[in-house]
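Trainee: Below you'll find the structure I mean.
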Amino acid sequence: MEIRISRRRFGQLAIATTTIAGFSYLASKTSAQTSGLTIAGISSRGTVTTPDSSRTDVSSPSVETGDASDTSDTSQQVIISSIDLPTGRRQGGVTSVIPTDESISGFAYLIDGTPVVAITPARTSRRKGRNPTRLSFPGISRADVTVSGLTPQQRLESLMVTPDGTLLGLVANKNGTPPVRLVEVNPNTGTFNVRLSLPSDQKYSTLAICPNGTIYTTAVANGATTLVRINLAQASVTPLVQLWLNNNSWGNGLQSLLCNNANQLIAFGAQRYIQPNALYTIDLSSGAMTKLIDFDAARVAMRTV
């Protein structure tokens, strides 16, 4: 039997076939690069006003906010959710609250699977009795730990855990200006030791370590974001490649940087005036970034499954 298809219908089928093929290619490519990953994201949602007597400052935070009132007790809800790659399946998770004059400056998972969050009061906060910079452990009954050794204008950010369980982070000024120091943090006491002072001519943020032991960070200067390799044993910092997306320089820095079991770097952030943040793979040879998926979060941390 002869089947006749109109020119319009033929065009629709061709477009549909091409679209399905494109999705299949993206899925296979994503699967090869990010197989078996669960990426957790932490973010804040809205505000909740509560009486002083009933407020609970539990773990988990958001992005840095502006001025805070001296007397208000307005909190923001904090959510930890997750996304599986390459399936894109999303799950809700831990929720808590923190004051609106605090921000999430770091997020990681300790070697035993405990989430750890660095919470920083805003630089302009004037709230009476505001909390100090601290480590919080959402979803478990573990007391917050105050981070000692910081000046009022500094914060602990970009938390990262090494394969041997060491918690590392960056100590930087709250306004993002240098100097920046890479530190080893004791999650039980909140004390830290400086492992390396980074060059003072650029702004550094994010930390990631790959299974091969290579540590990466990112530096922002002159409208460009550069991937940088850190060698703690040699106390060296080596710029590698500038980051690019669709042949355009990525100049907005990153919110987080991850590395999977295949030593594939995954960037998390967004270009200026673009929302939400998204996950991208990074080509180490060229700095080219390839978008994987949008993820509405402030910072991310990785857990293998």
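Trainee: With a/c under 1.5 counting as rounded, go ahead and sort segment 257-305 into rounded, prolate or oblate using the C-alpha gyration tensor (a ≥ b ≥ c being the square roots of the eigenvalues; past the cut-off, prolate if a/b is larger than b/c, else oblate).
Mentor: The shape class here is oblate.
Trainee: Then there's this: Within segment 254-305, which trypsin sites (Lys or Arg not before Pro) sit in a loop by DSSP and count at most 11 neighbouring Cβ atoms inside 10 Å?
Mentor: ARG272
Trainee: Can you give the extra length, in nm with one decimal, that the chain gains between THR214 and ASP296 once fully stretched, where that is 0.36 nm per residue apart less the Cα-Cα distance?
Mentor: Contour length minus Cα-Cα distance gives 26.7 nm.
Trainee: Now a separate question. Using packing as a proxy for protection, rank 153-162, 189-198, 257-266 so that the peptide with the highest average count of other Cβ atoms within 10 Å comes first.
Mentor: Ranked from most to least packed, the peptides come out as 153-162, 257-266, 189-198.
Trainee: Enter the accessible area per residue of segment 86-184 (Å², integer; probe 1.4 Å; all protein chains in place).
Mentor: It amounts to 40 Å² per residue over segment 86-184.
Trainee: Still on this structure, I have one more. Loop only per DSSP, at most 13 neighbouring Cβ atoms within 10 Å: give me the chymotrypsin sites (Phe, Trp or Tyr not before Pro) in segment 243-305, ordered by residue number.
Mentor: TYR273
Trainee: Counting only other residues whose beta carbon sits under 15 Å from that of VAL237, what net charge do I get with K and R as +1, D and E as -1?
Mentor: +3
Trainee: So for the pair THR238, THR87, with labels modelled 7 Å out along Cα→Cβ, what separation do we get in nm?
Mentor: 3.9
Trainee: Quick check on segment 127-186: take the gyration tensor over C-alpha atoms, sort the square-rooted eigenvalues as a ≥ b ≥ c, and tell me if it's rounded (a/c under 1.5), prolate or oblate.
Mentor: Oblate, because a/c is 1.5 or more while a/b does not exceed b/c.
Trainee: Still on this structure: Can you give the percent of C-alpha pairs in segment 184-237 whose distance is more than 17 Å?
Mentor: Here the long-distance tail beyond 17 Å is 45 percent of all Cα pairs in segment 184-237.
Trainee: Over segment 169-291, what percent of the accessible surface lies on carbon and sulfur atoms, probe 1.4 Å?
Mentor: Carbon with sulfur: 42 percent of the solvent-accessible area.
Trainee: A further question follows. Please report the net charge: other residues with Cβ closer than 15 Å to the Cβ of ALA221, K and R +1, D and E -1.
Mentor: Net of charged neighbours comes to 0.
Trainee: Once the principal axes of the Cα atoms of segment 231-288 are found, what is the range along each, listed largest first in whole angstroms?
Mentor: Sorted from largest, the Cα extents of segment 231-288 read 39, 23, 19 Å.
The values are calculated or read from the model by the stated rules, or taken from the named source; none is laboratory data. Computed from a predicted model, the values in this text were never measured in an experiment. Virtual Cβ from ideal backbone geometry, glycine too; neighbours counted across all protein chains shown. Remember, those area values only see protein heavy atoms, side chains included, never the ligands or the DNA or RNA. Shrake-Rupley method; radii C 1.70, N 1.55, O 1.52, S 1.80 Å.
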